[in-house]
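What follows is a set of notes on a single structure, which appears directly below.
The values are calculated or read from the model by the stated rules, or taken from the named source; none is laboratory data. Nothing here was measured: the structure is a model prediction, and the numbers come from that model. Note: ideal-geometry Cβ built from the backbone for every residue, glycine included; neighbour counts use all protein chains shown. For the accessible areas, the whole protein counts, side chains as well, though only heavy atoms, and no ligand, DNA or RNA atoms are used. Shrake-Rupley method; radii C 1.70, N 1.55, O 1.52, S 1.80 Å.
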Amino acid sequence: MPRDLTWDGCLNVRDLGGHPTGDGGETRFGSLVRADSVGRLSESGWQALVAYGIRTVIDLRGDHEREDDPPGELPVDVRHVPFMEASEAEWEEIAEQLEKLDELPVADATRDAYLIFLERFKPNVGAAIRTVAEAPEGGVVVHCVGGKDRTGLLTALLLHVAGVPEAEIAADYALSEERLRPRHDAWLEAAETEAERKRLERITQTPPQVITGVFDKLERRYGSVDAYLHSAGVGEEDLARACSRRRA
């Protein structure tokens, strides 16, 4: 069964079914889909989403990013769970931390940036996991503006909860670079300076070792990825529900 989906308006739509799990099973098709911003969907794209069985949209965008939401007449429940919301002063502090990563190799810099986000926005991460776990019957689509970073982190954690091996999760994360290439090529072409182009080239990359590195760091800090999620307010029942939704 194909995992890449064609929803008009989106470039990076992928069903997260068919991944092997540690106990010999696999994740279920039609349960969890990742996408870039569904606000870009055309009318036919929205119809394709509904026809696929999606009944819940988990929107990770911040309040200032949400301009386009699904038409009200569609049978889709939208849950807004901002993954990264902070005050201007907090973002200035975060920006200072991120600037220090500029000289690192791409994989290391992205890994460390993700770890900054996972620590700074820990309650948001927990809220997003719980929202997916508590969603009603039907498929769930998770999206943000680009469909690479916030969406990539959340779906990586959800696949981990379902028992998917880390190397498999990392390989799925890495697919987004190619899937989003048409949009990224347009960004690079529009870059006005060489410095801007180089920055864009860095942030569009999705090396698989980013995700394995994030998992390794969380395990070193907390003892396990599940322990990190517990510290983010995700209970055992939440993890069990999130796992059961994903498993075939």
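Okay, here's what the table says:
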read-out: For segment 105-114, Karplus couplings with θ = phi - 60° (6.51, -1.76, 1.60), whole Hz, Gly/Pro x; value: x, 3, 4, 5, 5, 5, 4, 5, 5, 4
read-out: Unit charges at the beta carbon, dipole of the chain: most positive-side option, G18, C144, T6; value: G18
read-out: Dipole magnitude (debye, nearest 20) for the chain, charges at Cβ of Lys, Arg, Asp, Glu; value: 780 debye
read-out: Length-normalised contact order of the chain in % [C-alpha pairs under 8 Å, at least 6 apart]; value: 26 percent
read-out: Size of electric dipole in segment 1-137: Cβ of Lys, Arg +1 and of Asp, Glu -1, about Cα centre, debye, nearest 20; value: 700 debye
read-out: Derived scalar couplings ³J(HN,Hα) [segment 134-140; Karplus, 6.51 cos²θ - 1.76 cosθ + 1.60; whole Hz; x for Gly, Pro]; value: 8, 4, x, 4, x, x, 10
read-out: Cleavage-rule hits (trypsin sites (Lys or Arg not before Pro)) in segment 77-177: DSSP loop, at most 12 neighbouring Cβ within 10 angstrom; value: K100
read-out: Correct choice for percent of Cα pairs over 27 Å apart that was computed from the model, options (1) 54; (2) 41; (3) 33; value: (3)
read-out: Per-residue ³J(HN,Hα) for segment 187-200, Karplus 6.51 cos²θ - 1.76 cosθ + 1.60, θ = phi - 60°, Hz, x for Gly and Pro; value: 4, 5, 5, 8, 4, 8, 9, 5, 5, 5, 4, 5, 4, 5
read-out: DSSP bridge pairs, the chain: antiparallel proportion in percent, nearest 5; value: 30 percent
read-out: Farthest positive-ward along the chain dipole, Cα basis, beta-carbon charges - from L98, G72, A190; value: G72
read-out: Residues of type lysines that K122 reaches as a straight line, Cα spacing below 16 Å, ignoring anything fewer than 8 places off in the same chain; value: K217
read-out: Accessible area (Å², per residue) of the chain, counting only protein heavy atoms and a probe of 1.4 Å; value: 45 Å²
read-out: Distance between modelled label sites at D216 and E189, nm, 7 Å Cα→Cβ extension; value: 3.8 nm
read-out: Net charge dipole size for segment 94-226 [Lys, Arg +1 and Asp, Glu -1 on Cβ; Debye, nearest 20]; value: 260 debye
read-out: Long-range amide H partners of H80 with built H, under 5 Å; value: D59
read-out: E168 paired with S231, simple spin-label distance in nm, labels 7 Å along Cα-to-beta-carbon; value: 2.7 nm
